[in-house]
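The values are calculated or read from the model by the stated rules, or taken from the named source; none is laboratory data. Just so you know, these numbers come straight off a predicted model, no measurement behind them. Cβ: placed from backbone, ideal geometry, glycine included. Neighbour counts: every protein chain shown. Heads up: the accessible areas ignore ligands, DNA and RNA and are worked out on the full protein's heavy atoms, side chains in. Shrake-Rupley method; radii C 1.70, N 1.55, O 1.52, S 1.80 Å.
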Amino acid sequence: MREQIEKLRQEARRAADEANTPAELENARVHYFGKKGSFTLLLRGLGQMPPAERPQAGQRINEARAETELWFDRRAADLKIQERALKLKSETIDVTEPRGARKLGSLHPISIVLNDLVDLFVGMGYETVEGPEIEYDRYNFELLNQPKNHPARDAQDTFYIEDNIVLRSHTSPVQARVMLERKPPIRIISAGRVYRADEVDATHSPVFHQLEGLYIDKRVRMSDLKGTLDIFAKRLYGADAATRFRPSFFPFTEPSAEVDLTCPACKGGGCRVCKGTGWIELLGSGMVNPKVLEMCGIDSSVYSGFAFGIGLERVAMRRYGVSDMRWLFEGDARLLSQFR
Ligand code: DAH
């Protein structure tokens with residue numbers, strides 16, 4: 001009997017040691033300690049022994065069984081640790097491992113143009129300011145000398161929110177706001193969205209972007225405006241870009257000028273883009289109308305200034321050869337990814 005117990009104990013230990021996973025160990029456990037397990041059967045076999053030997057044999061079997069069960073428990077704990085170590089190893093991430101190429105976003109062409117312009121004007125001492133897109137009639141029109149019967153105030157051209165509140169139709173109202181708030185010298189630019197009741201087509205959109213500039217000081221002259229805008233054109237379109245001033249009319253400037261740029265497509269020779277003239281329209285500008293200065297609380301006998309307004313879509317389209325304005329608003333990745 002003793003030998004039998006000893007043999008079983010050693011066999012069971014070996015089985016525990018050879019189990020490589022908790023599941024294998026569990027199988028072995030059932031095999032030795034289950035209802036029909038070897039230790040159980042051995043205990044049952046006590047009935048066949050002479051009664052006098054039973055207690056001692058029973059005690060031996062129970063001791064061996066308890067001791068072997070402890071062995072199994074230890075083995076279970078070991079396997080658990082091993083399993084955990086394996087799991088940790090398999091889940092380890094090598095943070096130094098190079099990853100595949102990542103798709104980077106890119107700046108929108110309008111943002112690129114705007115950043116360039118802001119850089120340029122800030123470099124010349126201008127400060128950027130912001131104005132609201134929902135604007136009072138007073139700033140959008142009245143203080144800019146746009147009388148009540150002016151056609152641009154028509155609901156066909158301007159989005160009205162209420163009788164005296166509009167979606168700003170240009171960035172010029174920021175001029176009025178700044179002049180009312182500050183004393184000269186004033187040197188600001190302001191960019192943002194503007195709104196007009198236009199149908200969408202290749203050159204129109206009900207929402208687009210403008211950049212406004214305003215410079216007011218003593219003895220500011222038309223030549224200052226011309227010099228500033230010429231630097232601007234060369235910066236945007238290259239050193240051989242030239243500008244010309246064409247007489248024009250804006251209620252808030254006097255005199256007013258539209259500024260043309262040598263056609264970037266043909267360099268002035270005449271082509272389809274410039275309709276054979278060699279020039280394309282770039283922006284509106286002029287000397288701030290003394291009436292506007294006075295309405296905004298600036299003494300026009302002491303101060304003068306110039307102002308200009310640029311459509312950013314137009315600048316971006318010219319610069320990048322985009323022939324349809326809608327492409328700038330559609331968010332097509334095939335277009336946008338070209339501006340890395
Ligand atoms: N606000 C004008 C427009 O939207 C552009 C403009 C022209 C702005 C002349 C100015 C300016 O500041 O002086 O068409």
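Key figures for this structure:
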quantity: Listed residues 100, 311, 268, most fluctuating in the chain (Gaussian network, C-alpha, under 10 Å); calculated: 100
quantity: Free-standing Cys residues across the chain, given no other cysteine C-beta under 4.7 angstrom; calculated: 296
quantity: Peptides ranked, highest mean first, by Cβ atoms within 10 Å: ranges 166-175, 224-233, 197-206; calculated: 166-175, 224-233, 197-206
quantity: Alpha-carbon centroid distance for the pair segment 263-330 / segment 1-19, whole angstrom; calculated: 97
quantity: Note, ³J(HN,Hα) from phi for segment 234-246, Karplus 6.51, -1.76, 1.60, rounded to Hz, x at Gly and Pro; calculated: 5, 5, 7, 10, x, 5, 8, 6, 10, 10, 9, 9, 10
quantity: Order of exposure, largest accessible area first, which applies to 195, 32 with probe 1.4 Å; calculated: 195, 32
quantity: Rel. contact order, % - alpha carbon contacts under 8 angstrom, at least six apart, the chain; calculated: 15
quantity: Shape of segment 109-339, Cα gyration tensor, a/c cut at 1.5; calculated: oblate
quantity: At 1.567 mPa s and 4 °C, Stokes D of segment 153-223 from Kirkwood alpha-carbon radius, µm² per second; calculated: 93
quantity: Mean Cβ count within 10 Å, highest first, over the residues of peptides 213-221, 116-124; calculated: 213-221, 116-124
quantity: Compactness of segment 1-148, expressed as Rg and Dmax over alpha-carbon positions, Å; calculated: 41.4, 127
quantity: Residue-level accessible surface for residue 295, protein heavy atoms, 1.4 Å, Å²; calculated: 80
quantity: Among 311, 283, 338 the positive-end extreme of the charge dipole of segment 263-340 (Cβ point charges); calculated: 338
quantity: Heavy-atom surface of the chain, accessible at 1.4 Å and reported per residue (Å²); calculated: 58
quantity: Extension gain from residue 84 to residue 242, taking 0.36 nm per residue of separation minus the Cα-Cα distance; calculated: 49.5 nm
